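The values are calculated or read from the model by the stated rules, or taken from the named source; none is laboratory data. Keep in mind it's a predicted model, so treat the numbers as computed, not measured. Cβ atoms come from the backbone with ideal geometry, glycine included; neighbour counts cover every protein chain shown. Just the protein is used for accessible areas: all its heavy atoms, side chains included, with ligands, DNA and RNA removed. Shrake-Rupley method; radii C 1.70, N 1.55, O 1.52, S 1.80 Å.
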Amino acid sequence: MKHYEAFEINLNKIRITYQYQEIVRVTYIEIGNTYWVHPDNPLKLKHRGKQCVVTNFYRNDLGQAIDASVRFLTDNRKGRVDLNDLVDDEPEHAVKPLCEKYNNTKQYSPDKVPDYLFTKNELKRMGRVPIKEDATASVYYSDQNRSFPLFDLQVTRETRKQKGLSLVNKEMTPEDIISRRKRISG
């Protein structure tokens, strides 16, 4: 089980101790120092891989520091980050795509995706689902720092038509999706 312990050394410096099985990581967080945002939870994507400077601490009703107020070095914006998400060194896999599941497949940028490959969301708009869960390739969005699987249109089937109201338009054709891609990518 993961365990975090915060110890306040003074008003400007906090020690965070992270323990998981035999792994122990100690980080000293001090106002004015530079850190990397790297949550231990792989699903926590907000601010992941960004470098920031701690400007202050948010405190609870008892006066204990719970979060850090930071300024990101990439775009000079302010933000709020959990104390246990800050690390001293740049994580070696922060620059890689986070979805390791699709690393062995061919990866495309959004503007280079072939016309016969579609994401699950695009297939859903066409009223289709993949027959097998194995992705043919993946598309990597650098602004989101995420990969999405791509499926071959020939290896899909139509979904069952449901009665009632649906918010998803399932009447798009592959040509509509392709033209929409080209409009978005410019």
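Scan the stretch 39-59 for residues that are over 19 Å from the mean Cα position of the chain (by Cα) and either at pLDDT below 90 or open to solvent by 50 Å² or more (accessible area, probe 1.4 Å) (or both) and jot them down.
Taking the stretch 39-59 as the starting set, the residues that turn out to be over 19 Å from the mean Cα position of the chain (by Cα) are 53-59.
Correct list: Thr55, Asn56, Tyr58, Arg59.
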Query raised in the report: Mind checking whether some residue in the stretch 15-31 is closer than 30 Å to Arg181 by Cβ, modelled with pLDDT under 90 and open to solvent by 50 Å² or more (accessible area, probe 1.4 Å)?
Result: no
Query raised in the report: Only one of (1) at pLDDT below 85; (2) closer than 30 Å to Lys13 by Cα is not met by Leu86, so which one is it?
Result: (1)
Requested in this report: Collect the residues in the stretch 105-139 that are touching a helix residue (DSSP H, G or I) at 6+ places or on another chain (Cβ under 9 Å) and part of a strand (DSSP E or B), keeping them in residue-number order.
Outcome: Leu117, Phe118, Arg128, Val129, Pro130, Ala137, Ser138, Val139
Query - Residue in the stretch 129-164 that is farthest from Gln107 (Cα to Cα), counting only those that are open to solvent by 100 Å² or more (accessible area, probe 1.4 Å) and of a type outside the set (D, E, K, R) - result: Gln162
Query raised in the report: Any residue at all in the stretch 103-117 that is open to solvent by less than 90 Å² (accessible area, probe 1.4 Å), over 30 Å from Glu171 (Cα atoms), more than 17 Å from the chain's Cα centre (by Cα) and at pLDDT 85 or above?
Result: no
